[in-house]
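The values are calculated or read from the model by the stated rules, or taken from the named source; none is laboratory data. Computed from a prediction, not measured in an experiment: that's the story for all the values here. Here the Cβ is made from the backbone with ideal geometry for all residues, glycine too, and neighbour counts use every protein chain on show. Heavy atoms of the whole protein, side chains included, go into the accessibility calculation; ligands, DNA and RNA do not. Shrake-Rupley method; radii C 1.70, N 1.55, O 1.52, S 1.80 Å.
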Amino acid sequence: MCGRYAVRRDPAALAEEFAAADRTEGATGADFNITPTKMVPIVVQRGAERSMRPVRWGLVPTWAKEAGGGPPMINARAETITVKPAYAESARRRRCLMPATGWYEWKPGDERRQPYLCRRRDGASMAMAAVFSAWWDPRTAGQPLVTCAVVTTDAVGELADVHHRMPLVLPEERWADWLDPTRSEIDELLHPDPGVLGELALHPVSTEVNSVRNNHPDLLEPADPVPEPAEQAALFES
């Protein structure tokens with residue numbers, strides 16, 4: 001977790017929702033089945049301007065020798081983000097928000113691959129805490145590759161029934177503190193807010209989500225879960 005999520009609003013609508021200037025220039029848009037290494041919108045604060053910009057999901061540390069040296073670093077654990085070398089510098093100086101309609105999750109070991117969607121009950125976008133990094137290819141003099149990773153924490157309540165980890169979702173009153181590049185101490189911001197957790201709802205969705213080729217609004221809709229193997233057997237015996 002988190003390995004797949006959705007953004008149903010276009011950049012202009014997201015920018016308005018997050019009180020940010022849209023600087024995506026058409027590089028991102030609504031996407032109902034976002035996978036690692038895709039370009040995604042993030043919200044950053046630099047000086048007086050809060051803006052939304054396109055970056056690649058899967059953090060590449062500034063000191064990395066190459067950009068594709070292993071599996072994409074899409075998640076950063078809240079418990080170790082301030083000390084783990086891959087994330088510590090970004091946690092101190094380069095924090096951002098990743099807007100999301102919701103994230104998909106699967107139960108470990110579930111042979112049915114039944115996906116679930118966690119989203120806000122009121123339909124508004126959520127703000128997943130994240131960090132970003134800018135990496136320059138030492139072989140070229142081009143623009144840096146800007147990448148990001150979602151901050152995750154222990155799942156609670158019904159969310160823990162599906163998976164033991166979840167994104168750190170920030171309430172609006174914490175956005176400014178998280179985005180503030182002059183703030184380096186963030187320990188108190190790394191704990192889930194009980195009020196936010198009460199706003200989240202979980203429901204099964206279509207197994208179409210399992211294929212990255214499927215990408216349409218219906219993926220967000222509640223669906224009957226695939227029967228357990230024992231239930232499937234009973235259908236044939238009846």
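Brief remarks on what is shown
- The numbered conditions (1) among the hydroxyl-bearing types (Ser, Thr, Tyr); (2) within 16 Å of residue 104 (Cα to Cα); (3) in a loop (DSSP other than H, G, I, E, B) are all true for residue 153 except (3).
- Take the conditions (1) touching a helix residue (DSSP H, G or I) at 6+ places or on another chain (Cβ under 9 Å); (2) within 22 Å of residue 14 (Cα to Cα); (3) at pLDDT 95 or above; residue 172 misses just one of them, which is (1).
- In segment 124-144, the residues that are in a loop (DSSP other than H, G, I, E, B) and either modelled with pLDDT under 95 or among the aliphatic types (A, V, I, L, M) (or both): 124, 136, 137, 138, 139, 140, 141, 142, 143, 144
- Matching option when the condition is surrounded by 12 or more Cβ atoms within 10 Å (Cβ to Cβ) and of a type outside the set (A, V, I, L, M), among 138, 192, 108, 217: 192
- Filtered residue count, segment 20-43, keeping only those that are more than 19 Å from residue 105 (Cβ to Cβ), assigned to a strand (DSSP E or B) and in contact with a Phe, Trp or Tyr (Cβ under 7 Å, 6 or more places away or on another chain): 2
- Failed item, numbered, when residue 147 is tested on (1) polar (S, T, N, Q); (2) at pLDDT 95 or above; (3) open to solvent by 30 Å² or more (accessible area, probe 1.4 Å): (3)
- Looking only at segment 172-189, and only at residues there that are without any contact (Cβ under 8 Å) to a residue 40 or more places away in the chain and under 15 Å from residue 199 (Cβ atoms), the one that is surrounded by the fewest Cβ atoms within 10 Å (Cβ to Cβ): 173
- For residue 83: the one exception among (1) touching a Pro at 6+ places or on another chain (Cβ under 6 Å); (2) modelled with pLDDT of 95 or more; (3) more than 19 Å from residue 166 (Cβ to Cβ); (4) open to solvent by 30 Å² or more (accessible area, probe 1.4 Å): (1)
- The set of residues in segment 14-35 being open to solvent by less than 40 Å² (accessible area, probe 1.4 Å) and without any contact (Cβ under 8 Å) to a residue 40 or more places away in the chain consists of 15, 20, 21, 24, 28, 29, 34.
- Residues satisfying the criterion are present in segment 47-60 (criterion: assigned to a strand (DSSP E or B) and of a type in the set (Val, Ile, Thr)).
- Residue tally, condition basic (Lys, Arg) and either more than 20 Å from residue 133 (Cα to Cα) or in contact with a Phe, Trp or Tyr (Cβ under 6 Å, 6 or more places away or on another chain) (or both), over segment 148-193: 2
- Meets criteria (β-branched (Val, Ile, Thr) and farther than 30 Å from residue 206 by Cβ) for residue 81: yes
- The one condition in (1) part of a helix (DSSP H, G or I); (2) open to solvent by less than 20 Å² (accessible area, probe 1.4 Å) that residue 158 fails to fulfil: (2)
- Verdict on residue 92 being open to solvent by 40 Å² or more (accessible area, probe 1.4 Å) and either over 18 Å from the mean Cα position of the chain (by Cα) or under 18 Å from residue 179 (Cβ atoms) (or both): yes
- Pair list, Cβ < 8 Å and 6+ apart or interchain, from segment 200-219 residues that are without any contact (Cβ under 8 Å) to a residue 12 or more places away in the chain to residues that are open to solvent by less than 50 Å² (accessible area, probe 1.4 Å) and not charged (D, E, K, R): 208/214; 208/219
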